[in-house]
Structures are given as structure tokens and as C-alpha cells.
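Remarks on the structure that follows.
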Amino acid sequence: KQEVTQIPAALSVPEGENLVLNCSFTDSAIYNLQWFRQDPGKGLTSLLLIQSSQREQTSGRLNASLDKSSGRSTLYIAASQPGDSATYLCAVLSGYSTLTFGKGTMLLVSP
Amino acid sequence: EAGVVQSPRYKIIEKKQPVAFWCNPISGHNTLYWYLQNLGQGPELLIRYENEEAVDDSQLPKDRFSAERLKGVDSTLKIQPAELGDSAVYLCASSLDWGTGNTGELFFGEGSRLTVL
């Protein structure tokens with residue numbers, strides 16, 4: 001059974017810092033990995049999707065990397081802003097189209 | 001293009017009452033998911049549909065939960081009777097099937113927050 005772990009569970013940084021969120025998974029036989037953002041009381045917004053054959057994806061100030069063999073992904077956020085404050089969730093698609101989520105990292109960026 | 005639409009956004013009911021949630025996926029998406037999210041946790045799959053067929057309902061508590069996706073488009077998730085522990089956010093998502101040129105990217109609705117008193 002696939003298990004996804006996200007570290008840290010919570011992170012507080014001042015505005016302008018670069019930061020890294022970590023995601024690890026136990027079964028490396030994945031189809032893809034998605035990073036989501038969730039604001040309080042809202043649904044999930046897809047940020048980046050990395051196919052199993054890819055090593056990284058970039059969107060604006062966000063960069064996600066994937067090391068399938070070691071079961072790890074990182075989400076790098078450059079020059080963080082208060083508007084980046086949210087919970088970031090990692091999810092892997094594996095098995096028979098089963099998407100497994102981590103518990104998320106709650107990020108607070110203070111002005 | 002409209003995203004995944006869910007209703008109601010909020011529902012407060014007494015325990016033992018029934019409740020139903022509705023989801024309209026993105027047009028053309030053949031795969032539809034219902035997830036349960038408790039506070040501080042990641043979403044957990046309840047049921048996955050490919051068109052009209054429920055292909056994974058192993059985590060759906062079938063004694064009180066039921067779901068349907070008639071005509072392979074809209075879906076309804078029902079709880080009867082509701083228990084205190086059912087208080088959570090119920091999320092609907094849709095996607096194209098992974099493979100054959102599709103990435104399998106999931107798109108979520110805003111969720112339906114259920115409070116059982």
C-alpha cells in the first residue's frame with residue numbers, strides 16, 4: 001500500500017525567503033506526482049504535475065522535482081510572499097489509478 | 001471553462017438524518033472521484049468512477065454511504081443515517097484517464113463541508 005509523508009508539517013518564514021517542502025512515498029512504481037495548494041475552507045488547486053518519466057516541472061516561482069528511485073519529491077518556492085500562505089499537499093498516482101495524498105505542509109509567510 | 005462544481009457548500013444536520021452531495025465534473029472528464037477530508041489530514045478516496053462504473057469503492061462505508069453517477073456525468077454521494085463522525089469535507093474531483101496522451105491530472109471542486117450535531 002502506497003504511503004505518502006510530507007515534512008515539515010508546518011513552516012513559518014518571513015517574506016522573501018526561498019523554501020523547500022518535502023514529500024516522500026514508499027512505492028516508487030508511480031505514474032505521476034501532483035502538488036496541490038489548499039486555502040482554508042477551499043478545495044485543492046493543482047500547482048504542478050510531474051510525470052514518472054520527468055525529473056522536474058516549473059511554474060513561475062514554483063519548481064517541483066521528482067526522484068522516483070528514492071521515492072522523493074521537493075517543491076521549491078522562490079522569493080516567498082504572504083499570498084503563498086496555504087497548505088501544500090503532495091499526491092502520487094500509482095497502482096490502478098489510485099491517488100494517495102500526504103497530510104500536507106501548512107505554510108505561513110509573514111510580511 | 002467551468003471547473004468542478006459541488007453543492008451544497010455547507011450542510012448542518014442532526015445525527016441520524018440523511019444528507020446528499022452533488023457534483024458536476026469538468027466537461028469531458030470520464031473519471032470522477034469522491035474524497036473525504038478530515039481537519040488537518042489529506043483527502044482519502046471514497047469512490048472512483050470511470051464513466052458510469054464504480055471501479056474502486058473499497059473505502060466506501062457501504063452500510064451508510066451510497067453513490068451514483070447516472071449517465072456518466074453528474075454524481076451524488078449520500079449518507080443515511082449520518083453519524084457524528086461523518087463531520088468532514090467531502091471533495092469531488094475529475095480527470096481524464098491517465099495514459100493515451102493524458103496526464104491524469106486531477107481537478108477538485110470547492111468541497112461540501114458537513115457538520116453533524
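All of the numbers you see were taken from the coordinates with simple rules; none came from a lab. Here the structure is a predicted model, which is why all the values come from computation and not from measurement. Neighbour counts run over all protein chains shown; Cβ positions are idealised from the backbone, glycine included.
Can you sort B:Asp97, B:Asp56 from fewest to most other Cβ atoms within 10 Å of each residue's own Cβ? It would help to have the intermediate numbers written out before the result.
Details: B:Asp97 13, B:Asp56 17.
Placing the least packed residue first, the sequence is B:Asp97, B:Asp56.
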FRET efficiency estimate (nearest 0.05) - Cβ-Cβ, A:Glu56 to B:Ser27, R0 45 angstrom = 0.90
Which residue, A:Asn32, A:Asn18, A:Asn63, has the most motion in a Gaussian network model of chain A that connects Cα atoms within less than 10 Å?
-> A:Asn18
Whole-Hz couplings from phi, Karplus 6.51/-1.76/1.60, listed for the stretch A:61-70; x for Gly and Pro | 8, 9, 9, 10, 10, 9, 10, 5, 5, 9
For B:Lys62, list the lysines whose Cα falls under 29 Å from its own Cα; do not include residues on the same chain fewer than 8 positions away.
-> A:Lys1, A:Lys42, A:Lys103, B:Lys11, B:Lys15, B:Lys16, B:Lys71, B:Lys78
Of B:Leu39, B:Leu46, how do they rank once you tally other Cβ atoms within 10 Å and put the fewest first?
-> B:Leu39, B:Leu46
For B:Asn51, list long-range residues whose amide hydrogen, built 1.01 Å from N in the peptide plane, is under 5 Å from its own amide hydrogen.
-> B:Thr31, B:Leu32
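Under the rule a/c < 1.5 gives rounded, and otherwise a/b versus b/c splits prolate from oblate, where does the stretch A:61-111 land using the Cα gyration tensor?
prolate
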